[in-house]
Amino acid sequence: MSTSQTKVLHLTMDYPNPYRPKNTPAVKNLIAELNHIDHQVIALRRTSNVFKTQTVTIDDNKVAIRFFGLPFGLLHSISMALLAYRIKRLVMKKGIEFDVIHAHKFAFEGLAGYFLSLQTKKPFMVSVRADSDKRLISFKPMLQPLLAKVAKRCKHIFYVSAWYQKELEVRFNLPSEKQSSLPNFVHQAPKSAPKTADSKRLVTVLDLNMYKKKGLVDLLYAISCLVITHPTLTLDIYGDGFSHRVEEVKQLIQKLQLTEQVTLKGKVDNTQLVKALPDYAALILASHSETFGMVYVEALFAGIGIGYSKGTGIDGFIDDLNVGVGFDSNNSAHIQLAIIELLQRQREFKVWISENKVLLQQRFSPRAYCQRYYQILDNIKKSETQQYAQLPSR
């Protein structure tokens, strides 16, 4: 069967749906790019209220399911097994046909995909979005045997979080040919920023509702230490949040006596943000945990260098590129040194980015990754689909 005829059933909690209309568009964007295959989306949303479970048909190719699951991952595997059974009943009732399952988080939808694969004898693939996946894998050791089965049975693992690949590879003894990168895509064309060498303007972009997780407290503290010796250093913060979170950030800025150096710019649309980024020396985020971080790529494509936390976010995708500074976000001294280095090397980063636009385009644009996705699907269907009916269930 050719790729154009292949039907992929997507299980994802990261897709805009009636229960969470402002969900991240990352999976939606991926599916839109994969236009040579057919897609059926099961958009998922957990509820801890058993009386609020519901199924809503969005259109011919999309269904939203609000499923029951206890908070804090309690009875997680049972919840995912029940979800898989519910999905199986749904696809049978609606007559939904599919060839391959793609579960978009290893330790969450991946478990549902595993159980659904057992029930339907269909092959499945998983993505690793390590912000969520790493936490569950780390704090639920009793799930390790089951997750090992997920890793063994799945036909391919896509890493949205390249920084987590080595750890997962070692933990589950994964062969390299079973793994590949699949970053979130960016559609803007790479540009050149002004080759200034002496700007002291930094920028950060974040959801203020998650300002602690995004490391804003640590970043502001580092800046408060540096303004003594770098009095012209400034930071603009783009992003919005609930009023009480915005107020908390304002109070933090006042407490650190940074009202002259730090400006809350509020929420702007993506077009305005991309237009503003080239005017800064660099973008910096001190996130403690994040899956990928699209804003890093947007900053690079806007022509400026980036400061990023090691072991999270974009780390792992740019190791061989001269575009920024990685640092330990748990160490204030490291953040301060990273800021100084970003300022000192801002022209170097801007020049390198300007001269390597094609490489950046190849690294983060959809074309090459989509072709690989198609090839992986072809390989699964040609050589392994028939074997699923013969696999033991344990």
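Of the residues making up region 56-87, those that are more than 11 Å from GLN40 (Cβ to Cβ) and surrounded by 15 or more Cβ atoms within 10 Å (Cβ to Cβ) number 16. Taking the criterion of being among the polar types (S, T, N, Q), part of a loop (DSSP other than H, G, I, E, B) and closer than 19 Å to PHE349 by Cα, the residues of region 189-234 that qualify are SER192, THR196, SER199. I need the full set of residues from region 134-165 which are among the basic types (Lys, Arg) and modelled with pLDDT under 95, in order please. Once the filter is applied, which keeps residues that are among the basic types (Lys, Arg) and modelled with pLDDT under 95, region 134-165 yields LYS134, ARG135, LYS140.
With the condition kept exactly as written, say whether any residue in region 137-148 is under 26 Å from LEU70 (Cβ atoms), in contact with a strand residue (DSSP E or B) (Cβ under 9 Å, 6 or more places away or on another chain), crowded, with 18+ Cβ neighbours inside 10 Å and not acidic (Asp, Glu). No, the conditions are met nowhere in region 137-148. Taking each residue of region 209-234 that is assigned by TED's automatic domain parsing to the domain that holds VAL249 and under 25 Å from GLY311 (Cα atoms) and looking for partners that are aromatic (Phe, Trp, Tyr) and surrounded by fewer than 19 Cβ atoms within 10 Å (Cβ to Cβ) with beta-carbon atoms closer than 7 Å, six or more apart or interchain, yields ASN209/PHE242. With a requirement of 1 or more residues that are within 21 Å of the chain's Cα centre (by Cα) and within 27 Å of VAL160 (Cβ to Cβ), the helices (runs of 4 or more DSSP H) lying completely within region 237-342 that satisfy it span 270-276, 294-301. Close Cβ contacts (under 9 Å, 6 or more residues apart or on different chains) running from residues in region 344-356 that are in the same structural domain as LEU226 (by TED's automatic domain parsing) and within 18 Å of LEU233 (Cβ to Cβ) to residues that are acidic (Asp, Glu) and surrounded by fewer than 17 Cβ atoms within 10 Å (Cβ to Cβ) comprise GLN346/ASP198; ARG347/ASP198.
The values are calculated or read from the model by the stated rules, or taken from the named source; none is laboratory data. Computed from a predicted model, the values in this text were never measured in an experiment. When we count neighbours, we look across all protein chains shown, and the Cβ atoms used for this are built from the backbone with ideal geometry, even at glycine.
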